[in-house]
Amino acid sequence: MKPAVPFALFTALGLILATGCVATTDKNMVNASSDTKDSVIPAPATPNSTSPLQGSLVVSVAGFSYPENLSVILDNLTVGTVNPTSSLYLMAPEGNHAIGVCADFVCVQENVTIRFGKYVTIDFSERLRNDVVIKQPTARILECHKNGDHLSVMIEFINPSKKDLQMAGAVSCGYDYIDRRSGAKLGDSARSTFVQKVNAGQRITQGLDLNLVNGNSLGYGFPVIEELKVL
């Protein structure tokens, strides 16, 4: 299922960024930070496990832009919310669980197996893009790929309303690289703004480039849309 900041932060970020922009279920990868930075929310006890041991579960929707926070459901219990720039970190008992994310009346779900000492990361972006009907004007990132010294990002603009609109905002992405002179691993971020006119009832796709430092062994996370305004 498949942002410039202090050096120390991106050094840490470099440990968890995955090369590429396709969000996938990855048991060894951790995505964006939660609303409560560096904190982990313990999940409530569920009927699916009697083990006292717990494992880490990270829920992400990095590639799905939506005007509201999305509810996260674990074994039919609401355990928090998630949005494209903020993942939800949970500790859940060992065993099999059902984890899901809901937008409006649509919920997508996946079965996961939690193990002590293991990270399980699930990104619901692709399924939400396929299953959720967008009722409000929005923009979302479909895909991206490295092209020389920049990152090419494809943005989809959706205007389901009955009037023409302008959408403005910014796209940012954190990345790490090996400096060619010193050989040190460094972290940085790339950011670019956009303004796009979208006619009533229209859905269009436009590209945007993020400039990167030209280094070796580049790794980057999934870009996110910041400060989206509908005018």
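The values are calculated or read from the model by the stated rules, or taken from the named source; none is laboratory data. If you're wondering where the values come from, they're calculated on a predicted model, not measured in any experiment. We place every Cβ from the backbone using ideal geometry, glycine too, and count neighbours over all the protein chains shown.
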Original post:
Any idea which residue in the range 49-72 is modelled with the lowest pLDDT, counting only those that are over 30 Å from Met154 (Cβ atoms) and crowded, with 16+ Cβ neighbours inside 10 Å?
Top reply: Ser49
Original post:
Restricting to the range 172-224, what's the tally of residues that are of a type in the set (Phe, Trp, Tyr), under 24 Å from Ser125 (Cα atoms) and not in a loop (DSSP other than H, G, I, E, B)?
Top reply: 3
Original post:
Only one of (1) modelled with pLDDT under 50; (2) under 28 Å from Leu218 (Cβ atoms); (3) surrounded by 13 or more Cβ atoms within 10 Å (Cβ to Cβ) fails for Asp38. Which number is that?
Top reply: (3)
Subject >> Search result, residues across the range 88-121 that are loosely packed, with under 15 Cβ neighbours inside 10 Å and among the aliphatic types (A, V, I, L, M) >> reply: Met91, Ala98, Val106
Original post:
Got at least one residue in the range 133-146 being over 16 Å from Ser65 (Cα atoms), part of a strand (DSSP E or B) and among the polar types (S, T, N, Q)?
Top reply: no
